[in-house]
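Written below as structure tokens is the structure these notes are about.
Since every read-out is calculated from the coordinates, none of them should be taken as a lab result. All of these numbers come straight from a predicted model, not from anything done at the bench. Cβ atoms come from the backbone with ideal geometry, glycine included; neighbour counts cover every protein chain shown.
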Amino acid sequence: MKTIFIITLVLGEILAITNTEAHVILTITDDDKITHVNKVLSLEDFPCVPYPNMLFYYTERGTLRCGEPEPN
């Protein structure tokens with residue numbers, strides 16, 4: 001029996017910032033499918049001080065992290 005792992009990777013980039021929100025684009029990679037989604041996040045969602053063009057990602061547990069993911 002083979003075990004198949006499906007890894008979902010969510011990378012984001014901040015496009016613009018208002019007083020309370022960040023307009024972002026998310027790149028969601030799921031197996032061999034890539035989806036781009038525009039979304040608005042609250043600035044309170046970020047564990048750092050966000051700025052335009054900043055990269056961020058979500059961990060496997062759904063935690064938002066600032067910067068680029070570190071390679072394994």
### Message
Tell me the net charge near Pro52. Cut-off is 15 Å between Cβ atoms, Pro52 excluded, with +1 for each Lys or Arg and -1 for each Asp or Glu.
### Response
-2
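So between Tyr51 and Asp31, what do we pick up on full extension, going 0.36 nm a residue minus the alpha carbon distance? Can you show the working numbers first?
On the way: separation 20, 0.36 × 20 = 7.20 nm, distance 2.99 nm.
Contour length minus the Cα-Cα distance gives 4.2 nm.
Pairs of Cα atoms under 8 Å, at least six residues apart: use those to get the relative contact order of the stretch 8-66, whole percent. Don't skip to the answer; put the middle values down first.
Details: 123 pairs, mean separation 21.1, N = 59.
Reported relative contact order: 36 percent.
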### Cα-based equivalent ellipsoid of the chain: semi-axis lengths in Å, sorted from largest, via gyration tensor
26, 13, 10
